[in-house]
Protein chains: 2
Amino acid sequence: MTGQLVSDEPTTAVLSGAALAKEIRAGVTAAAEALAAAGAPPRLAVVVATDDESTAWYVRSIAKAASKTGMQCDIVDLGPDATAEQIRSRLTELSEDTSVHGIMLQTPLPGGASVEDLAASIAPEKDVDGANPVSLGRLSAGLPAFVPATAAAVLELLDHYQVPLAGRRAVVVGRSNVVGKPAAQLLLQRDATVTVCHRHTRDLAAHTRPADILVVAVGRVGLIGAEHVNPGSVVIDVGTNPTADGGLTGDVDEAEVAGSVAGLTPVPGGVGPVTTALLLRHTIESASRSRA
Amino acid sequence: MTGQLVSDEPTTAVLSGAALAKEIRAGVTAAAEALAAAGAPPRLAVVVATDDESTAWYVRSIAKAASKTGMQCDIVDLGPDATAEQIRSRLTELSEDTSVHGIMLQTPLPGGASVEDLAASIAPEKDVDGANPVSLGRLSAGLPAFVPATAAAVLELLDHYQVPLAGRRAVVVGRSNVVGKPAAQLLLQRDATVTVCHRHTRDLAAHTRPADILVVAVGRVGLIGAEHVNPGSVVIDVGTNPTADGGLTGDVDEAEVAGSVAGLTPVPGGVGPVTTALLLRHTIESASRSRA
């Protein structure tokens with residue numbers, strides 16, 4: 001099923017991720033059943049080394065989504081005192097374990113441990129969240145690779161809502177290795193003219209306002225308001241900031257922007273569920289290839 | 001020695017690469033002598049599989065620069081009929097050869113052979129032209145890596161002429177794996193706001209005109225004219241297009257742009273000599289590390 005973005009309406013289309021995530025999970029469920037029936041049930045391992053509560057919430061949501069699709073998901077909790085060496089050796093073990101098809105290293109990590117450095121110990125063929133620098137390099141070079149799930153979700157949503165990319169102006173705010181940089185690479189691969197903005201950018205609004213596609217992945221509430229957009233902008237809000245009441249809110253001021261743009265992803269319910277579903281789909285891809 | 005860019009003059013500063021390249025080669029010469037004296041002469045291998053004449057010219061210029069600094073440079077010519085498998089196995093051999101410290105795979109390659117794919121067989125620690133996707137990924141992730149020499153030369157020139165980068169608008173025209181993409185990564189790492197343009201970009205001039213730093217790496221004569229720049233632009237011309245009289249010309253219309261920008265690299269004599277010198281410096285770095 002593909003949505004249709006109606007951009008000539010005066011209202012802003014809500015680019016929900018719910019239906020798309022459901023569609024992706026349905027595919028995962030069918031594939032997981034087939035693999036299990038063939039004696040090779042797909043399995044995802046999420047390595048955690050923090051007691052951060054919002055991380056725990058996110059990891060449980062992955063496990064819950066996995067269990068709904070019939071996929072095994074192990075939460076490998078090494079605790080907040082794990083050393084970089086312990087994390088590395090566990091990633092190496094999981095990389096060698098033929099019953100594990102997807103490996104994800106959750107951040108934040110204990111002080112001194114660098115995700116870029118440790119993720120190099122995740123076998124590229126199991127690197128379902130595209131964290132190994134090899135994956136990022138293969139993406140950048142245009143070779144097949146797992147793409148970080150959040151960045152992949154941005155593109156899935158744009159495609160689902162049939163947003164044209166080739167030759168259009170895409171502006172990415174934020175330059176993290178997990179979202180901003182890979183999203184910029186993917187948009188470039190799809191022939192958009194891509195600008196990456198960040199905290200050193202002067203006059204952010206001057207850069208974002210002309211954007212046809214605006215991807216915001218900073219983690220600051222209210223960063224993007226009416227002055228940052230134009231009526232034709234499609235805005236993908238990757239921010240997930242905790243609110244006082246235990247909920248989530250994005251980087252875009254939804255109240256201010258609604259009515260001023262063509263489309264906007266909600267938070268929660270936009271990029272998030274699609275990201276989780278794609279992690280599972282990547283694991284299915286890895287499991288299927290390991291049997292080929 | 002560092003040059004000084006005088007941008008308040010009505011004339012355009014010529015950002016020559018000659019002095020910078022000489023300075024880099026002087027450092028290489030001293031280091032090559034010391035390594036040779038210690039019984040470990042640095043050695044660069046350039047793998048060629050084409051009979052293209054301008055490639056042969058470029059490769060000879062690398063060998064000549066190497067020999068001036070006292071560095072050994074082997075041109076490994078596999079001929080235009082080499083298969084991908086033959087190239088791959090030679091790259092693997094050179095990667096294992098402890099007397100070789102730098103390996104470069106020259107393009108173009110015979111039909112069917114992909115440089116991105118083959119370069120994965122160059123050991124990352126000897127990948128002095130940053131062609132292995134691992135190198136590109138490490139660069140993108142902010143980890144230490146060899147950067148493609150041409151992209152590195154762009155940054156060396158900007159630094160040599162003390163062009164500020166943080167918070168400024170950098171526009172890169174061209175998205176090749178050897179220049180455009182890594183140059184964009186390097187500029188982003190240095191806190192510029194970076195836009196990448198390419199053949200699908202609509203209204204190129206609208207994107208390039210506001211640039212503080214404009215890097216052009218397309219390979220089309222006269223692509224950039226007066227309408228693409230502003231009086232404050234610093235323009236790095238990476239194009240090397242053969243002229244009818246056997247010379248080289250860049251992508252920037254020098255006659256049209258001169259006087260309209262703050263600074264411009266000449267072609268030849270701008271990025272080219274710095275690139276060659278950096279290939280040698282990378283080889284010295286590799287040779288020094290292999291003894292550590």
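See the values below:
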{"read-out": "In segment B:71-89, the residues that are closer than 10 Å to B:Ala113 by Cβ and surrounded by 15 or more Cβ atoms within 10 Å (Cβ to Cβ)", "value": "B:Ala82, B:Ala84, B:Gln86, B:Ile87, B:Arg88"}
{"read-out": "Which listed residue is part of a loop (DSSP other than H, G, I, E, B) and aliphatic (A, V, I, L, M), from B:Ala255, B:Ala206, B:Ala211", "value": "B:Ala211"}
{"read-out": "Test for A:Ala66: is it buried (at least 16 other Cβ atoms within 10 Å of the Cβ) and away from every other protein chain (no Cβ under 14 Å)", "value": "yes"}
{"read-out": "Some residue of segment A:177-193 being surrounded by fewer than 19 Cβ atoms within 10 Å (Cβ to Cβ) and among the small types (Gly, Ala, Ser)", "value": "no"}
{"read-out": "Qualifying positions in segment B:35-49 - at pLDDT 95 or above and surrounded by 13 or more Cβ atoms within 10 Å (Cβ to Cβ)", "value": "B:Leu35, B:Ala36, B:Pro41, B:Pro42, B:Arg43, B:Leu44, B:Ala45, B:Val46, B:Val47, B:Val48, B:Ala49"}
{"read-out": "Candidate set: segment B:1-18, residues that are at pLDDT 95 or above and not polar (S, T, N, Q); chosen: the one farthest from B:Val261 (Cα to Cα)", "value": "B:Ala18"}
{"read-out": "Flag if A:Asn177 is assigned to a loop (DSSP other than H, G, I, E, B) and more than 13 Å from chain B (Cβ to nearest Cβ)", "value": "no"}
{"read-out": "Subset of segment B:184-197 that is at the interface with chain A (Cβ under 7 Å from one of its Cβ atoms) and not in a strand (DSSP E or B) - its residue that is farthest from B:Ala166 (Cα to Cα)", "value": "B:Leu188"}
{"read-out": "Filter result for A:Gly130 (in contact with a helix residue (DSSP H, G or I) (Cβ under 9 Å, 6 or more places away or on another chain), under 11 Å from A:Leu186 (Cα atoms) and not assigned by TED's automatic domain parsing to the domain that holds A:Ser233)", "value": "no"}
{"read-out": "All positions within segment A:34-56 that are out of contact with any helix residue (DSSP H, G or I) (no Cβ under 7 Å at 6 or more places or on another chain), in contact (Cβ under 8 Å) with a residue 24 or more places away in the chain and within 21 Å of A:Asp97 (Cα to Cα)", "value": "A:Ala36, A:Ala38, A:Arg43"}
{"read-out": "Residues satisfying the stated conditions in segment B:159-175, i.e. under 25 Å from B:Asn132 (Cα atoms) and either surrounded by fewer than 18 Cβ atoms within 10 Å (Cβ to Cβ) or without any contact (Cβ under 8 Å) to a residue 24 or more places away in the chain (or both)", "value": "B:Arg175"}
{"read-out": "Whichever residue in segment A:140-149 is in contact (Cβ under 8 Å) with a residue 24 or more places away in the chain and within 8 Å of chain B (Cβ to nearest Cβ) and, among such residues, is farthest from B:Gly142 (Cα to Cα)", "value": "A:Gly142"}
{"read-out": "Residue count for segment A:102-137, restricted to those that are more than 16 Å from the chain's Cα centre (by Cα), crowded, with 24+ Cβ neighbours inside 10 Å and facing chain B (nearest Cβ under 9 Å)", "value": "4"}
{"read-out": "Test result for B:Pro210, within 11 Å of chain A (Cβ to nearest Cβ) and touching a Pro at 6+ places or on another chain (Cβ under 8 Å)", "value": "no"}
{"read-out": "Output for segment B:220-256, where each listed residue is under 23 Å from B:Lys181 (Cβ atoms) and in contact (Cβ under 8 Å) with a residue 40 or more places away in the chain", "value": "B:Leu223, B:Ile224, B:Val234, B:Ile236, B:Val238, B:Asp251"}
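The values are calculated or read from the model by the stated rules, or taken from the named source; none is laboratory data. Everything numeric in this text was worked out from a predicted model, so none of it was measured. Don't worry about glycine lacking a Cβ; one is built from the backbone with ideal geometry, like all the others, and counts go over all protein chains shown.
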